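*Asks:* Starting off with a structure, shown below.
The values are calculated or read from the model by the stated rules, or taken from the named source; none is laboratory data. From a predicted model like this one, the values you see are computed outputs, not experimental measurements. So basically every Cβ, Gly included, is an ideal-geometry build from the backbone, and we count neighbours across all protein chains shown.
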Amino acid sequence: MKQHFLKISILTAIASHLFSCDAVKRVGENEHLLTNNTVIINGKKNSTETITNLLYQKPNSKIPVLGTPLRLQIYNLARPDIDSILNEKIYNNPKKLARKTKLLSRKQLDKDVNNRIGFNKWLKTTGEAPVIINEQRTEKSVKRLEDYHINNGWFDVEASYAINRKDNKRADVEYSVETGQPFMLDTITTKIKSPIVDSIYHKKILRNSLIKTNEQYKTSNFEQERDRISNELRNSGLYYFNQDYVAFEIDTIGTNKKVNVDIQIQDRAIRTQDSLYRVPFHVYKIKDVSIITDYTFEDRNKPFQDSITYDGFKLYSYGKMRYRPKALTDAIFIQPGSIFKDNDRTLTYRHINGLRTFKYPNIEYIENEDYTLTDTIRLTPLKKFSLGFSADVSQSNIQTIGFSLNPSLMMRNIFRGAETLEISAIGSIGSSKDQKVGDPFFDINEIGADLKLTIPRFFFPFNTNRIIAKDMSPSTKISLSTTSQTNIGLDKQTLSGVFNYNWSPSRKVTDRLDAFNIQYVRNLNAENYFNIYTSSFDNLENIALNSYNTPPEFIEEKKNGKEYLIVEKSDEFIDLVLSDNGYQNSNPNEYKQVNNINERKQRLTENNLILSSSFSLTNDERTNLFDEDFSIFRFKIETAGNLISAMSDILGLKKDDNNRYELFNVAYSQYVKTELDYVKHWDLGKKNILAARTFLGIAIPYGNSTNIPFSKSFFAGGANDNRAWTAYSLGPGSSRTSNDFNEANLKIALGLEQRFNIFEDLNGAFFIDAGNIWNVLDDVEDENAVFSSFNSLKDIAIGSGFGLRYDFSFFVFRFDIGFKTYDPSYQDQNRWFNDYNFSNAVYNIGINYPF
């Protein structure tokens, strides 16, 4: 392993040296390549992104860790005057042109030349031209450094620069900044013309001022304070107010580095054709709110055919009214009789769009003579019905080729309350890879249907506005779905139904309550288990052929002369072994292995009935899609089976052979499950991001269950988990299980990834993933798989690797290579770097980032 690292280090050093030597290839004789900027502020080096971004010239970008200017090297591969060179070498050289046209036609030659010119152009656009020292830009950087410090209170700042030109066509620039003493805010006074503005300012605005005595002067604080004052006043009834009415008068003369501030707010300016005069501001109230429910440009001058007055709102329709008034007024925050608030208009836009029933609304205010406003909201309905259709062609480890169709129908305003009903279906066929002789080519099929109703409010027996206000965007979703699969695994029929509430207490927080969630899974082809879970069968077959004295009727000999366990007799063989007390005493390990195979088979082939409720919360600190310095926290808790358990005696439920209550002849699941997920991103600048993730999940069975249903358990490995293991292949714990799908009811996952830009939309990453799954408080007894104490944390697996990402704007294509760095399956042996090589690496392809 050490030799591998040594070779890699040597190759990296050689490559870096070669790149370095070639960096000035396109630098002129009297030019110098900028290799480094140094900023010294008050005698100390400052390399923060804020200061670095002030400089007009920066060295060519480099790949982190390697420190290689890859884009510069790509640019240097291009020929500066490729057109002239090719013309001179080919077209202006009759002998060479004649020789070339003997091998290629003139058209082919022209195409070849154009391709070479195009490739040369691609090298230039993909690469990065050398950054040549430009003294004018250096002087502009000095000016920007001074302006930055002046805007942050250092009014006496002085900055200079020095260029260190070297003989190898390279140069460094050192900037020196002396800030002097900062200026501090001292006396803050106000001069407000309008009495109503003065009253609002001192009662509501002053206490949260961003401009405070004894704080250092910052221009940004004054800009933000102007916006804040304007927003507060526009949300306090001042319809005509804007930030241009707010000004600051600053005095620093003879104040001994103190800043005296006078906040000035002018009266409203009214312009006429030949004059301008000022009047005091007034608070405006909303007099009337009119809602046109079916507005179109063509109907704008027609008379209304229907109208309703509801809760102070006036609703009009050019045709028959198609909406219940409350459904619309719940989405409108501009209330008759209330004062004007700019925020109410914003909320109204947002919530009407959230109904998914209308196009973007038009909201218009008209001023009345009594300082009131008449508001007209024009709504243009979307089409009541919209059809969707998608098709897919796929290939997987179980099918050679598959085709699927997914038609859908959306119906808007289905019950006249702006509800949305979506009906979709799926139909697919495929050809399996283990197709039997005589079977049709398309022997795999799946059909399903899904119905989803979205209600833009809480569907509840009583009014919940006092608990969940309408500005939290409350909604109710009811869904029902069913699928049926044939020749896919165990062949399943599923039925699920969900009744949930969604709301957002703030811009950052989203809550969801699944009041009722039912899932029913029926396995139609349990006898196909060992054809699907082949690893379990291989272990069983090994015992049958090499350990147990297996009767001949369980064995078959094929043409190759080898003996095999008959798959169809696997269950009988298991029963035979488990009833053999002598074998249990003589071969306890093999007996236990057969028993584990049987228990797992029973668990994965049994039908499941899950009736659960859950609550989840997401706190997303992102300000926008381009924010790369944020955190996301997710929490979920779920309980299942408690209601049925409490009513089991009342309902007269019977127990099965394992002493579990059954409902509809299926033992229902009972458990509590919780998940905690935290993601943090740090923006290190220059498209360099450090991302981290921590996850903890646990599901505890009790009452009617001794284990967790497969669909609710945890697994480890895969493109979005520990990337050094394939999905379901890691764990549980340090066990060396050969199961096809490993799962358990406790999971810990940690991840750290540094992302950096290589060039343009191509990015790279180095990552470390850690984690594992364990069994805890269930019926698994394998000590290697069970989390028994904090000592079990030594079984946390560690993977590391690197990857490439290409940003297509609407999604990110990801390719990662993960290496097993610390493998707990080696148990008492050395666990570090045993399989740390490309032959044992895991290659992952994913869409978007893992966290």
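*Asks:* If you take the residues of the range 186-207 that are within 43 Å of the chain's Cα centre (by Cα) and touching a residue at least 24 places away in the same chain (Cβ under 8 Å), which of them is surrounded by the fewest Cβ atoms within 10 Å (Cβ to Cβ)?
*Replies:* Result: LYS204.
*Asks:* On to the next question. Test each condition in (1) farther than 17 Å from PRO195 by Cα; (2) without any contact (Cβ under 8 Å) to a residue 24 or more places away in the chain; (3) in contact with a helix residue (DSSP H, G or I) (Cβ under 9 Å, 6 or more places away or on another chain) for VAL246 and report the one that comes out false.
*Replies:* Every listed condition holds for VAL246 apart from (1).
*Asks:* Can you name the number of the only condition in (1) in a loop (DSSP other than H, G, I, E, B); (2) under 20 Å from the mean Cα position of the chain (by Cα); (3) under 30 Å from PRO69 (Cα atoms) that ALA765 fails?
*Replies:* The single condition ALA765 does not satisfy is (1).
*Asks:* Applying the selection to the range 773-820, what residues are of a type in the set (Gly, Ala, Ser) and either surrounded by 20 or more Cβ atoms within 10 Å (Cβ to Cβ) or not in a loop (DSSP other than H, G, I, E, B) (or both)?
*Replies:* Listed by number, the residues that qualify are ALA785, SER792, ALA797, GLY799, SER800, GLY801, GLY803, GLY818.
*Asks:* Report every pair of residues separated by at least 6 positions or lying on different chains whose Cβ atoms are under 6 Å apart, first residue within the range 410-422 and under 11 Å from LEU328 (Cα atoms), second surrounded by fewer than 19 Cβ atoms within 10 Å (Cβ to Cβ) and among the basic types (Lys, Arg).
*Replies:* ARG416/ARG324; GLY417/ARG324
*Asks:* Looking only at residues that are hydroxyl-bearing (Ser, Thr, Tyr) and over 26 Å from LEU72 (Cα atoms) in the range 96-145, which one is surrounded by the fewest Cβ atoms within 10 Å (Cβ to Cβ)? Reasoning before the result, please.
*Replies:* First pass over the range 96-145, keeping only residues hydroxyl-bearing (Ser, Thr, Tyr): 101, 105, 125-126, 138, 141.
Applying the additional criterion that residues be over 26 Å from LEU72 (Cα atoms) yields 101, 105.
On the way: THR101: 13, SER105: 11.
Checked the range 96-145; the qualifying residue surrounded by the fewest Cβ atoms within 10 Å (Cβ to Cβ) is SER105.
*Asks:* Then there is this: Looking only at the range 797-851, count every residue that is under 20 Å from ALA691 (Cα atoms) and touching a helix residue (DSSP H, G or I) at 6+ places or on another chain (Cβ under 7 Å) and tell me the total.
*Replies:* Residues flagged as under 20 Å from ALA691 (Cα atoms) and touching a helix residue (DSSP H, G or I) at 6+ places or on another chain (Cβ under 7 Å) within the range 797-851 amount to 1.
*Asks:* Considering only the range 682-700, state which residues are crowded, with 18+ Cβ neighbours inside 10 Å and either in the same structural domain as SER47 (by TED's automatic domain parsing) or at pLDDT below 95 (or both).
*Replies:* Listed by number, the list holds a single entry, ILE689.
*Asks:* Still on this structure, I have one more. For the range 232-269, which positions are within 15 Å of THR213 (Cβ to Cβ) and either among the hydrophobic types (A, V, I, L, M, F, W, C) or in contact with a Gly (Cβ under 7 Å, 6 or more places away or on another chain) (or both)?
*Replies:* PHE248, ILE250, VAL259, VAL261, ILE263, listed by residue number.
*Asks:* Here's a follow-up. For residues in the range 164-180 being modelled with pLDDT of 95 or more and surrounded by fewer than 16 Cβ atoms within 10 Å (Cβ to Cβ), which is nearest to TYR148 (Cα to Cα)?
*Replies:* Taking the candidates together, the pick is GLU178.
*Asks:* Let me ask something else about it. Across the range 474-499, what is the number of residues that are part of a loop (DSSP other than H, G, I, E, B) and modelled with pLDDT of 90 or more? Walk me through it before giving the result.
*Replies:* In the first step, residues of the range 474-499 are kept if they are part of a loop (DSSP other than H, G, I, E, B); the result is 474, 487-491.
If we keep only those that are modelled with pLDDT of 90 or more too, we end up with 474.
Residues that pass the stated criteria total 1.
*Asks:* For the structure I just gave you, tell me whether THR38 is among the polar types (S, T, N, Q), over 30 Å from PHE802 (Cβ atoms), surrounded by 13 or more Cβ atoms within 10 Å (Cβ to Cβ) and at pLDDT 85 or above.
*Replies:* So THR38 fits the description; yes.
*Asks:* In the range 95-110, is there at least one residue being part of a helix (DSSP H, G or I), polar (S, T, N, Q) and not assigned by TED's automatic domain parsing to the domain that holds THR68? Lay out the reasoning, then the answer.
*Replies:* Step one: of the range 95-110, the residues part of a helix (DSSP H, G or I) are 95-103, 106-110.
Adding the requirement that they be polar (S, T, N, Q) leaves 101, 108.
Checking which are not assigned by TED's automatic domain parsing to the domain that holds THR68 leaves us with 101, 108.
Yes, the range 95-110 has at least one match.
*Asks:* Residue check: is ARG755 closer than 21 Å to TYR836 by Cβ, touching a residue at least 60 places away in the same chain (Cβ under 8 Å), of a type in the set (D, E, K, R) and out of contact with any Cys (no Cβ under 6 Å at 6 or more places or on another chain)?
*Replies:* In short, no.
*Asks:* Give me the pairs: first residue in the range 271-289 and assigned to a loop (DSSP other than H, G, I, E, B), second residue of a type in the set (Lys, Arg), beta-carbon distance under 6 Å, and six or more apart or on different chains, which are they?
*Replies:* Matching pairs, first to second residue: PHE281/ARG268.
*Asks:* Select from the range 138-195 the residues that are among the small types (Gly, Ala, Ser) and assigned to a strand (DSSP E or B) and write down the one among them that is nearest to LEU238 (Cα to Cα).
*Replies:* Applying the filter and picking the extreme gives ALA159.
*Asks:* If only one of ILE229, ILE308 is in a strand (DSSP E or B) and either at pLDDT 95 or above or of a type outside the set (Ser, Thr, Tyr) (or both), which one is it?
*Replies:* ILE308
*Asks:* Residues that are under 30 Å from PRO850 (Cα atoms) and touching a residue at least 60 places away in the same chain (Cβ under 8 Å), at least 3 per element: which strands (runs of 3 or more DSSP E) completely within the range 554-651 meet that? Reasoning before the result, please.
*Replies:* Numbers: elements: 555-557, 563-565, 608-620, 631-640.
Result: 608-620.
*Asks:* Oh, and also: Which number in (1) over 29 Å from the mean Cα position of the chain (by Cα); (2) in the same structural domain as SER484 (by TED's automatic domain parsing) marks the one condition that ALA425 misses?
*Replies:* (1)
*Asks:* For the range 472-482, which residues satisfy the criterion of being surrounded by 16 or more Cβ atoms within 10 Å (Cβ to Cβ) and not aliphatic (A, V, I, L, M)? Explain how you work it out, then say what you get.
*Replies:* First pass over the range 472-482, keeping only residues surrounded by 16 or more Cβ atoms within 10 Å (Cβ to Cβ): 472-479, 481.
Result: SER473, PRO474, SER475, THR476, LYS477, SER479, SER481.
*Asks:* Check off (1) within 31 Å of the chain's Cα centre (by Cα); (2) surrounded by fewer than 16 Cβ atoms within 10 Å (Cβ to Cβ); (3) among the small types (Gly, Ala, Ser) for SER613 and give me the number that stays unchecked.
*Replies:* (2)
*Asks:* Here's something else I'd like to know. Out of the residues in the range 208-226 that are surrounded by 13 or more Cβ atoms within 10 Å (Cβ to Cβ) and charged (D, E, K, R), which is farthest from VAL246 (Cα to Cα)?
*Replies:* Among those that are surrounded by 13 or more Cβ atoms within 10 Å (Cβ to Cβ) and charged (D, E, K, R), it is GLU215.
*Asks:* Quick check on my filter: what residues within the range 290-299 are outside any strand (DSSP E or B) and either β-branched (Val, Ile, Thr) or over 25 Å from PHE340 (Cβ atoms) (or both)?
*Replies:* Selection gives THR293, ASP294, THR296, PHE297, GLU298, ASP299.
*Asks:* In the range 353-384, which residues are among the polar types (S, T, N, Q), within 30 Å of the chain's Cα centre (by Cα) and farther than 20 Å from GLN335 by Cα?
*Replies:* If the condition is that a residue be among the polar types (S, T, N, Q), within 30 Å of the chain's Cα centre (by Cα) and farther than 20 Å from GLN335 by Cα, then THR357 is the only one that fits.
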